[in-house]
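Taken together, the values in this text are just the output of simple stated rules run on the coordinates, not laboratory data. A quick note: this is a predicted structure, and the numbers were derived from the prediction, not measured. Cβ coordinates were reconstructed from backbone atoms using ideal geometry, including for glycine residues, and neighbour counts include every protein chain displayed.
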Amino acid sequence: MSKQRDLVLRTLEERGVKFVRLWFTDIAGTLKTVALAPTEVESAFAEGIGFDGSAIEGLTRAFESDLLAIPDATTFNLLPWRGESEPTARMFCDLFTPNGEPAVSDPRQVLKRQLAKAAAHGFTFYTHPEIEFYLLEQQNDANGQPVPVDRAGYFDSVPGGLSHDFRRAAVAMLENLGIFVEFSHHEGGPGQNEIDLRYADALTMADNIMTFRAIVKEIAIGQGARATFMPKPFMQYPGSGMHTHLSLFEGEENAFFDAGAKYQLSITGRRFVAGLLRHAAEITAITNQYVNSYKRLWGGDEAPSYISWGHLNHSALVRIPMYKTGKKSSVRVEHRGLDPACNPYLAYAVLLAAGLKGITEEYELPPEAEENIWAMSTNERRVMGFDPLPRSLDEALKIMEGSELIAETLGEQAFVYFLRDKKREIAEYHRQVTQWELEKNLDQL
């Protein structure tokens, strides 16, 4: 680590960096930042930067408010959108108490604790997200509704359209930061795009997702548009998801691969999927943490609404993608429930916890969903055992409150803070008088 820190300090001097931004998130996954002069970075490595954690949602209680942000030198990068006129760098931080203990409510530390548990079992956890978002005009229409930048659909080519230039700029900027992209394309909704990041270990990927969000919004602003990761910004168009491929490796070997097994999915992989399914309802408040998230989950357009797994079945919550012959590393599981507004540190922590529980407790994988679950009747789904996911954030939180797995994974403080933050959101939502209510009731009642 000292070598990496020395490299950072040398780069700051050689590149004439003007500002260094230290990044971390609150309990909801909102990016927080503090800017340092380059001359202060060495002391930040050694002593951290003190701040009032109680002023940031879900970090500390008022009577224990002081926290230290210590930058992780391995995350150092220059921010390409700041240009050469005032070179600016960024590093992610881990949060600590003044006595040097990891801050138990720091989302990045929550994920690191869970990764350490996986490592104790000999596993490294890798993730690969497919991130969807909408590009919108800067101004809403006359009715206050957002306006997509185009009218294109899935995989459409739009000559001269903003989306092409946008994706090209985003991919170039991501790769400039060492974040590699596998695919990018127009999605099903007008103005909707998808960019898939190449797989990485879960901590690196969670950092990458936070960087990705910042880049997408910066480029959109620079091109006279705006970007949103809101799960369901339009009633009539598809919601935005963040389908994520998950795998465990033991050293160089894919723990999910078994050449002789059905779908080449090993016993370890089957138990991991069983854990995701058994604890699916408990983790939904984390993977889908906003009131709006449930309008995507229950709004149709291929969003998963029922707890099930399948091979090529896109109606299932967990899917086993097709194995690429001769490529053992390609065996993985795809969780289709996440949306792009989640806190990636917490989401990956609870997915890993559920999967590990399935492995250590030797859960049995339930029957596969071979038919379109959306086309089944309620009774057919009940007979097959395909239980619904929570239908609202309120319902999801009630299930989460009784979950020992989630309480243990997040830790007591983060668990309490997350619940408190989300209950406040629900209370605010229920106080709203919506346009729908006014249109339906104002003159009729």
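May I ask you to compute the full-extension gain from Q138 to Y429, defined as 0.36 nm times their residue separation minus their alpha-carbon distance, rounded to one decimal in nm? Walk me through the numbers on the way to the answer.
Values: separation 291, 0.36 × 291 = 104.76 nm, distance 2.51 nm.
Result for the pair: 102.2 nm of gain on full extension.
Order these peptides, 233-244, 252-263, 97-108, by their mean beta-carbon neighbour count within 10 angstrom, highest first.
For the peptides 233-244, 252-263, 97-108, the packing ranking is 233-244, 97-108, 252-263.
Viscosity 1.002 mPa s, temperature 20 °C: Stokes-Einstein D of the chain from its Kirkwood Cα radius, in µm² per second? Provide the component values of the computation, followed by the final result.
Working: Rh = 23.0 Å.
Estimated via Stokes-Einstein, D reaches 93 µm²/s.
Hand me the trypsin sites (Lys or Arg not before Pro) from the range 126-170 located in a DSSP loop with no more than 14 other Cβ atoms within 10 Å, in residue order please.
Here the trypsin sites (Lys or Arg not before Pro) that fit, given the DSSP loop and packing criteria, are R151.
For the pair A172 and Q223, how long in nm is the line joining their label points, each one 7 Å along Cα→Cβ?
1.1 nm
On a full-extension model of 0.36 nm per residue, what is the gain between E250 and E368, subtracting their alpha-carbon distance, rounded to one decimal in nm? Please report the intermediate quantities before stating the final value.
Details: separation 118, 0.36 × 118 = 42.48 nm, distance 2.64 nm.
Going from the current span to full extension adds 39.8 nm.
How far apart, in nm, are two points set 7 Å out from the Cα along the Cα-to-Cβ line at E13 and at R151?
Spacing of the two 7 Å Cα→Cβ label points: 6.0 nm.
So if we plug the beta-carbon distance of A120 and F180 into 1/(1 + (r/R0)^6) with R0 = 35 Å, what FRET efficiency do we get, rounded to 0.05?
Details: r = 29 Å, r/R0 = 0.83.
The computed FRET efficiency comes out at 0.75.
Once you've got the Cα coordinates, tell me which of K18/K112; K217/K295; K112/K357; K398/K423; K295/K422; K328/K357 are over 21 Å apart.
Values: K18/K112 31 Å; K217/K295 23 Å; K112/K357 17 Å; K398/K423 10 Å; K295/K422 16 Å; K328/K357 24 Å.
Table pairs above 21 Å Cα-Cα are K18/K112; K217/K295; K328/K357.
In vacuum, with every alpha carbon of the range 2-102 counted as one equal point scatterer, what does the Debye formula give for log10 I(q)/I(0) at q = 0.11, 0.13, 0.23 Å⁻¹? Two decimals, please.
One equal scatterer on each Cα of the range 2-102 leads to -0.34, -0.46, -1.20.
Using a Förster distance of 22 Å, how high is the FRET efficiency between Q4 and T360, based on the Cβ-Cβ distance and rounded to 0.05?
0.05
Full extension from H311 to D387: what is 0.36 nm times the residue separation minus their Cα-Cα distance, to one decimal in nm? Before the final figure, lay out the partial values.
Working: separation 76, 0.36 × 76 = 27.36 nm, distance 1.84 nm.
Between H311 and D387, full extension yields 25.5 nm more.
Taking 7 Å along the Cα-to-C-beta vector as the label spot, tell me the A35-V416 distance in nanometres, rounded to one decimal.
It is 3.6 nm.
So for each of 285-297, 116-128, 374-386 I average, over its residues, the number of other beta carbons within 10 Å; can you give me the resulting order with the highest mean first?
285-297, 116-128, 374-386
Tell me the mean residue ellipticity at 222 nm calculated for the chain from its helices only (DSSP H runs of n ≥ 4, each -39500 (n - 2.57), averaged over every residue, nearest 500). Don't jump to the answer; show the numbers that get you there.
Details: 14 runs with 162 residues, N = 445.
It comes out at -11000 deg cm²/dmol, rounded to the nearest 500.
Counting other Cβ atoms within 10 Å, which trypsin sites (Lys or Arg not before Pro) in the range 314-373 have at most 13 and lie in a DSSP loop?
Details: sites: R319, K324, K327, K328, R332, R336, K357; in loops: K324, K327, R332, R336.
The qualifying sites are K324, K327.
Based on the mean of other beta carbon atoms within 10 Å per residue, what is the order of 130-137, 394-401, most packed first?
Working: 130-137: 22.5, 394-401: 18.6.
Those peptides, ordered most packed to least, come out 130-137, 394-401.
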